């Protein structure tokens, strides 16, 4: 045999050996590693599935096992899944279950299915078995392809060696030696390793082919590893969800499409007293609802679920022992790809304590409302009881002041009259603050002259400051548009309170009311400032000066009298106007109170219906001797007040008819057909509302002509005055009434005494 032949055969033999080692090593490593991975992954999967289906096997929940096995078979591309109980009875099976043997490795199976199984054991006791067929055809195909590729490479290599070995024997030997060393290195590294060989010949091609095969094997390994990680992630997710459900504090109920319970968590057992075994296959409503459960809520819930809609309701349920409890229930349907309901999941939270707290809060609110109503009624009654005798005190003292009395008597009468007025002011403050606390104090818009209000407030304050020799100044630009719309009475109340305080606490210097207009916005705004040079407010008292019952001097021996409600009321009234009452003060130098509020100009005012009681304008004095000749019926149960009114109107041309109660008032009205009726609201036998109702009915039936009816009452609440209007009265006088107020009211309505009968139709 020639050297060339020996070289050819030698090289061919070496090449064959090298390729054999390469192919054998690669295929063996590929087979061993993937056998191990497939075996481990498959056994882990069947073990996890056995654990996940344990409770269902114990409970013989065939529906759940069937659904779970079907989803696992589809998700993991399994050939089959089969579950049997301890007696070998098949509970569920999905897929092609045949020719099963669990003794072969994945590479040894002949039908492309690797069979694995796991026993279901609880506390050492056997309850059943899970069998699973994992597809390994891809792996076997890969092995077959790798074998064919290796043989093909070997055949190509041997052919190349035979052709080129003559001239390249020595060179080929060196190249093969390099190839051998590279193969050995790759064998140590495993799939993915690459042979480093240079050149552009057949040996290089073999190296490249080997490198390509190595990469293919590495990719296959990576795909298997990825699928394995996905299986691990899925298993962890299932485990986490199971743990969440098991340890959730809220109740979780799963039912089938018919509403029968398939699973509950431990929180359900703890709350209801039912065990999971007791409720399987039963409907929640059958177990938990009782006589106190709201049927409308149950119907609403059923209708929503029938429409495949989620719903959230609050429902009264009962435990196994019959104890009632409230739950907030959130039910959601689970739909398949076809849009059909496969199950319902309900999450319930015990809200019994929350509802009890809400009930206690509602009861407390009801009690507070009753207490506030009782307080309002008490204040109204107190106002009535005090104003009635105060009417006599103020009226008689006012009349005596107009008579010829000595200077000493005049001073004493002034003290009596002023004390009575102070007491009425205190009552008004208390009533106003009571309405503020109850949220019933509202503003009533009407057109008025702002300049007139300011001048009257300054004039009245100047009268009070006259004894101190204290000037009260009005600083107002003549060009200001004073024809505005707003609540004249409440603005006047704010100004009188602030000016009154300024006069009270200013021994010398001056008090000034300044008004400035700002036309930059859509609605004109006015800044009102009351400035004094009085005693000022200590810095430590300044933050609290607008609190109720708060005064600069709160000591028992304080020099200045008052309720301490004036500034608190002003603060709330300014807030109702949309402004904020601000104060700046320095002790010993004086104080400045200011606020900014807006009023609409009268040009944009559109008069509405007659929905606010008209009131006499008491800046105007009317001589009672100039009153027209009228017949006036006065219904008043207080003899003192009857005498007082008679004395006030003694110099008038009025013919007065007096009734001591409501029954007599109706009788006298029928007899005398008076031009005007003035009636008290609170009277025995028949009150002022009933008197008004009967008179209006007579007028409506054409038994008599219309005449104005005026209320004269000690109830000073605005609601009472509005109620009078709604009940058919035309106007309202509040006790204690002054002579000029009474005369002005009669003068105001005297001109309407002969109005047409149709005027009464507005009260029907």
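Cβ-to-Cβ counts within 10 Å put 572, 103 in ascending order as 103, 572, the fewest first. The mean sequence separation of alpha-carbon pairs under 8 Å and at least six residues apart, normalised by the residue count of the range 3-189, gives a relative contact order of 28 percent. Taking other C-beta atoms within 10 angstrom as a stand-in for reagent exposure, 544, 658, 595 fall in the order 544, 658, 595, fewest first.
Over every Cα atom in the range 482-532, the radius of gyration and the widest Cα-Cα span, Dmax, amount to 13.2, 42 Å. Using the Cβ-Cβ distance between residue 310 and residue 257 with R0 set to 22 Å, the FRET efficiency from 1/(1 + (r/R0)^6) comes to roughly 0.90.
Using the basic label-point model (7 angstrom from Cα toward the beta carbon), what is the residue 629 to residue 334 distance in nanometres? Each label point lies 7 Å from its Cα, and together they span 10.0 nm. The ranking of 576, 179, 496 by Cβ neighbour count inside 10 Å, starting from the fewest, reads 576, 496, 179. Packing here is the average count of other Cβ atoms within 10 Å per residue, and on that basis the peptides 305-315, 522-532, 400-410, highest first, run 522-532, 305-315, 400-410.
Since every read-out is calculated from the coordinates, none of them should be taken as a lab result. This one's a predicted model, so the numbers in the text were calculated from it and none came from an experiment. Ideal geometry is used to build each Cβ from the backbone, glycine not excepted, and the neighbour counts take in all protein chains shown.
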